[in-house]
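J.: Quick one: the structure is below, questions incoming.
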Amino acid sequence: MIWAELHAVLSAKGTAGPGQRVTADASLAVTGVAYDSRMVEPGHVFVALKGVRADGTSFVQQAIERGAAVIVSEQLPVPGVRLPWTVVNDARLALAQLAAAFFRHPSSEMQVVGITGTNGKTTTAYLISAIFEAAGIPCGMLGTVAYRIGDELREATRTTPEAPDVQRLLREMSDRGSGACAMEVSSHALALRRVDEVRFAAGVFTNLTRDHLDFHPDMEGYFEAKRRLFEMLPRDSPGILNVDDPRGTTLAEIVRRPVTYAISRTADITPGPLSFSFAGLTFEARSARGTLRVRSRLVGRPNVYNILAAVATGVALDLPSDAIERGVQALDGVPGRFQIVSGEKDGVTVVVDYAHTDDALRNLLETARPLAGGRLITVFGCGGDRDRTKRPLMGAVAGRLSDLIIVTSDNPRSEDPRKIIEEIQLGITPDTRRDSGQRLISIVDRQEAIGKAIELARPGDVVLVAGKGHEKYQVIGDKVLSFDDVAVAREALVRRRSNSGVV
């Protein structure tokens, strides 16, 4: 594209403010849109964003040295810079508008389903993707675990990437034949305008519980960020809402086309009698269209909500009922989401899960409790440099619902992991009803903690390793170390079998 075309977009949308300098040749070619000066290539527009720790305008010179052709900023031009410089009212909004225009609005060529909420986004995205695929519509995916473009899986850098990355990935999906995309939309992404200019065919709300209060000022601010997705929906796009959550009821009042789901309340999509086991779920999903038969390998009540959300999305987008049923049944599981890593010969059940909030941990433990033949052993920690207030809350949940607790490190980052463990333990109160032996163990080393839990497990026990799920790393200080809960747990199970003489 040429800069004159892109600048016209900013002007037409009222984003360009005073102080703009567009004296360059009207045919100046633009080769891309960048927000990180280190990623600038010759011909790029560099959009200088205001960050928490730095102002992108400070990196204009670095961007120019790497070949930037145009600067966009909320600040007036820096003295000495002779490139075209456009002042905008909101650099993040400008970034989204420029990226969408540069990549030719790929979301208008496919059905993009945005999924937001505290828990369940990833599993719901996998389910929706499977339903689209079963309906014969190739579906890409953007989320916490991975980005899927055609048949290619790429490691996810963040749940929802920055606007140019979102638009680029959607463009790649569309060009490779995808007719849909299931996209997890984080509260950070909504607050920071990463998905502005994406046309959503549907928006899904899973739930809202305490999280990310190191970024949002309070729970109301957190909800306001989530709410933006539904305010962005086109008039004909459905909002798929969990009305067992009171925030879902609030959203139903603002969405032009609400489609509701619930287990406990009257809704558009509800389940019949539920059958739970480690083998999966069986129930009927009732809708105005009729009854759908659900057979899923996913485990537990939280996954009933995720399945209902996906079924409601399929119904709202008029996908065939048999495709909805086949799609749900086709999904074997989701990496790091109630992922069972043990086998029949182990005598114990070991589950790895991403639960890293008090509500998610409660859901995990309440799912496992009725399925456990013996004790519930929980291994978990809390991340450093994140919301500290949830640490004793997670401790309280583990203390109330576990028989044996091993508190360990998560991603301590710059904090002392021992101090994090101490803050978690503040929420764990003695319980004389439990096993009379030692009930609370602290082990800083996560690998050692997981190994100890599996070593102490008795036949019939369930060991839950919570907090990191699919992650393949651990952040300690300024180092990112290779670490995989699934691999560590499986190695510990091999040792357990070897020590017991089971091959």
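The values are calculated or read from the model by the stated rules, or taken from the named source; none is laboratory data. Worth saying up front: this structure is predicted, and the values here are computed from it rather than measured. Virtual Cβ from ideal backbone geometry, glycine too; neighbours counted across all protein chains shown. Accessible surface is based on the protein model in full, side chains and every heavy atom, while ligands, DNA and RNA are left aside. Shrake-Rupley method; radii C 1.70, N 1.55, O 1.52, S 1.80 Å.
J.: Mind sorting out which of (i) 23.3; (ii) 29.1; (iii) 24.3 is the real Kirkwood radius over Cα pairs in Å computed from the coordinates?
T.: (iii)
J.: Now a separate question. Which residues' amide hydrogens lie under 5 Å from the amide hydrogen of Asn411, considering only partners 5 or more residues apart or on another chain, with H built in the peptide plane?
T.: Hits under the 5 Å cutoff: Gly383, Gly384.
J.: Another question, if that's okay. Keeping all protein chains in place, calculate the accessible area per residue for the stretch 261-420 (probe 1.4 angstrom), answer in Å².
T.: Averaged over the residues of the stretch 261-420, the accessible area is 38 Å².
J.: Counting Lys +1, Arg +1, Asp -1, Glu -1, what net charge surrounds Ala100 among other residues with beta carbon under 15 Å of its beta carbon?
T.: Residues close to Ala100 contribute a combined charge of 0.
J.: Per-residue counts of other Cβ atoms within 10 Å, averaged by peptide: what ranking do you get for 159-171, 71-83, 407-419, highest first?
T.: The most tightly packed comes first, giving 159-171, 407-419, 71-83.
J.: Normalising by the residue count of the chain, find the relative contact order in percent from Cα pairs under 8 Å and 6+ residues apart.
T.: Worked out over the chain, it gives 10 percent.
J.: Sorting Tyr126, Tyr147 by accessible area (1.4 Å probe), largest first, what list results?
T.: The ordering from most to least exposed comes out as Tyr126, Tyr147.
J.: Okay, moving on. How big is the gap, in Å, between the Cα center of the stretch 328-378 and the Cα center of the stretch 451-497?
T.: 13 Å
J.: OK, next. Counting only the heavy atoms of the protein chains, how much of Arg369 is accessible to a 1.4 Å probe, in Å² to the nearest 10?
T.: 80 Å²
J.: If you don't mind, another one. Which of rounded, prolate or oblate describes the stretch 39-165 when judged by the alpha-carbon gyration tensor and an a/c cut-off of 1.5?
T.: Here the stretch 39-165 falls in the prolate category.
J.: How much length is gained if the chain between Glu448 and Thr389 is pulled fully straight, taking 0.36 nm per residue apart and subtracting their Cα-Cα distance, in nm to one decimal?
T.: 18.6 nm
J.: Continuing with this model, one more query. Relative contact order (percent) for the stretch 1-107, with alpha-carbon contacts under 8 angstrom and 6 or more residues of separation?
T.: Taking the mean separation of contacting Cα pairs over the length of the stretch 1-107, I get 30 percent.
J.: I've got another one for you. So what's the gap between the Cα centers of the stretch 42-92 and the stretch 243-263, to the nearest angstrom?
T.: Cα centres, the stretch 42-92 to the stretch 243-263: 41 Å.
J.: So what's the net charge close to Cys382: Lys and Arg +1, Asp and Glu -1, counting the other residues with Cβ under 9 Å from its Cβ?
T.: +1
J.: In debye, nearest 20, what is the charge dipole magnitude of the stretch 126-247 about its Cα centre with +1 on Lys and Arg Cβ and -1 on Asp and Glu Cβ, if you could check?
T.: That gives a dipole near 200 debye.
J.: In nm, to one decimal, how far is the modelled label at Asn499 from the one at Arg369, with both set 7 Å along Cα→Cβ?
T.: Between Asn499 and Arg369, the simple spin-label model gives 2.9 nm.
J.: Compute the label zone of Asp431 within the stretch 400-415: residues whose backbone N is under 15 Å from the point 7 Å along Cα-to-Cβ.
T.: Backbone N within reach: 400-407.
J.: Follow-up. How do the peptides 241-249, 336-344, 150-158 rank, highest first, by the average count of neighbouring beta carbon atoms within 10 Å per residue?
T.: Top of the packing list down: 241-249, 336-344, 150-158.
J.: Lysine pairs in the chain 8 or more apart or on different chains: how many have alpha carbons under 24 angstrom apart?
T.: Lysine pairs satisfying the spacing and distance rule in the chain number 20.
J.: Net charge near Pro42: determine it from the other residues with C-beta under 14 Å of the C-beta of Pro42, scoring Lys and Arg +1 and Asp and Glu -1.
T.: -1
J.: Can I ask one more? Using a Förster distance of 41 Å, how high is the FRET efficiency between Arg293 and Ser482, based on the Cβ-Cβ distance and rounded to 0.05?
T.: Step by step, r from the Cβ atoms, then E = 0.45.
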